[in-house]
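All remarks here apply to the structure that follows.
The values are calculated or read from the model by the stated rules, or taken from the named source; none is laboratory data. Fair warning: this is a prediction, and the values are worked out from it, not measured in the lab. Here the Cβ positions follow ideal geometry from the backbone for every residue, glycine too, while neighbour counts run over all protein chains shown.
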Amino acid sequence: MFTGIVQAVGRIATAQAMSDGLKLTLDAGTLDLSDLGVGDSVAVSGCCLTVVSVDQTKLAFDVSAETLRCTARLDRPGRVNLEKAMRLSDRLGGHLVAGHVDGVGIVTRFERAASDGENVELEVEAPAELAHFIAGKGSIAVDGVSLTINGVAGRRFSVNLIPHTLAVTTLGSLASGARVNLEVDMIARYVARLQASNDQT
């Protein structure tokens, strides 16, 4: 379980093909690895992956073909958001994030806010099957970053990115057309499931 508060920006250094997926070697940047070991979980741009080796500032993960199928940009070198799994004693600064990517969205707008020029308005088009889980003032994780939804129109939702978020995550390098990992709010998912069950009775 995670909070969607990014702890460091790392970089996928290599993506080596395996029989059923890839082995990723990742430079963890400033992420503290002193309490990480083989078998621990790390969210990599919103996707919960299991550590298979730790070596000073390097982490390695085995990523299945199924995980690669339903996520974005984990199959090549590049910058990634990193968060270690939360402890029960940790502050919940964002929202409860499982690290299970629900789908890949497409950035449709990324531009400076007209009001102040410092914040950025990010608009994303979500897959059709996720749209009914997304609500104004609700929570969503975009590439592992916990964000509050400002508005929803059909399959598209918008969020406001403050300068701090732009500086300490990979979201500042997004552009129209970019693919992003999305995880909808788990409470919304369970409410929808319960409602569907009630409608069938």
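Of the listed requirements (1) surrounded by 17 or more Cβ atoms within 10 Å (Cβ to Cβ); (2) of a type outside the set (Ser, Thr, Tyr); (3) on the phi < 0 side of the Ramachandran plot, ARG73 misses just one: (3). Report, by residue number, each residue of the stretch 25-64 that is closer than 21 Å to LEU171 by Cα, of a type in the set (Gly, Ala, Ser) and surrounded by fewer than 20 Cβ atoms within 10 Å (Cβ to Cβ). Selection gives GLY29 alone. For the stretch 77-84, the count of residues that are in contact with a helix residue (DSSP H, G or I) (Cβ under 6 Å, 6 or more places away or on another chain) and closer than 15 Å to ALA15 by Cα is at least one. Within the stretch 179-200, residues that are of a type in the set (A, V, I, L, M, F, W, C) reach partners that are surrounded by fewer than 17 Cβ atoms within 10 Å (Cβ to Cβ) and in a helix (DSSP H, G or I) with beta carbons closer than 8 Å, at six or more positions or on different chains, in the pairs ALA192/HIS132. Here the condition is being in contact with a Phe, Trp or Tyr (Cβ under 7 Å, 6 or more places away or on another chain), hydroxyl-bearing (Ser, Thr, Tyr) and at negative phi; of THR67, THR14, THR25, THR50, it holds for THR50 alone. Under the condition of being farther than 11 Å from SER158 by Cβ and at pLDDT 95 or above, the residues counted in the stretch 110-127 number 2.
Do we have any residue at all in the stretch 104-117 that's surrounded by 15 or more Cβ atoms within 10 Å (Cβ to Cβ) and within 13 Å of the chain's Cα centre (by Cα)? There is at least one residue in the stretch 104-117 that is surrounded by 15 or more Cβ atoms within 10 Å (Cβ to Cβ) and within 13 Å of the chain's Cα centre (by Cα). Applying the criterion of being among the small types (Gly, Ala, Ser) and either in contact (Cβ under 8 Å) with a residue 40 or more places away in the chain or closer than 20 Å to ALA98 by Cα (or both) to the residues of the stretch 1-24, the residue that is surrounded by the fewest Cβ atoms within 10 Å (Cβ to Cβ) is ALA13. Look at (1) surrounded by 12 or more Cβ atoms within 10 Å (Cβ to Cβ); (2) farther than 19 Å from ARG73 by Cβ; (3) among the charged types (D, E, K, R) and you find that ASP199 fails only one, number (1).
Considering only residues that are closer than 18 Å to VAL168 by Cβ, among the aliphatic types (A, V, I, L, M) and touching an Asp or Glu at 6+ places or on another chain (Cβ under 9 Å), which ones fall in the stretch 66-95? Passing the criteria: only VAL80. Among the residues of the stretch 34-42, are any of a type in the set (A, V, I, L, M, F, W, C), farther than 13 Å from ARG79 by Cα and assigned to a strand (DSSP E or B)? Checking the stretch 34-42: at least one residue is of a type in the set (A, V, I, L, M, F, W, C), farther than 13 Å from ARG79 by Cα and assigned to a strand (DSSP E or B). Scanning the stretch 148-167 finds one or more residues that are part of a strand (DSSP E or B) and hydroxyl-bearing (Ser, Thr, Tyr).
For the structure I just gave you, tell me whether GLY94 is crowded, with 16+ Cβ neighbours inside 10 Å and of a type outside the set (Val, Ile, Thr). It would help to see each step written out before you state the result.
Values: crowded, with 16+ Cβ neighbours inside 10 Å: yes; of a type outside the set (Val, Ile, Thr): yes.
Taking the combined requirement at face value, the residue satisfies it.
In a residue-by-residue description of the stretch 118-136, the property of being exposed (fewer than 15 other Cβ atoms within 10 Å of the Cβ), touching a Pro at 6+ places or on another chain (Cβ under 7 Å) and not aromatic (Phe, Trp, Tyr) applies to at least one position. Listed by first and then second residue, the pairs linking a residue in the stretch 69-96 that is assigned to a loop (DSSP other than H, G, I, E, B) to a residue that is basic (Lys, Arg), with Cβ atoms under 6 Å apart and 6 or more places separating them unless they lie on different chains, are ALA72/ARG179.
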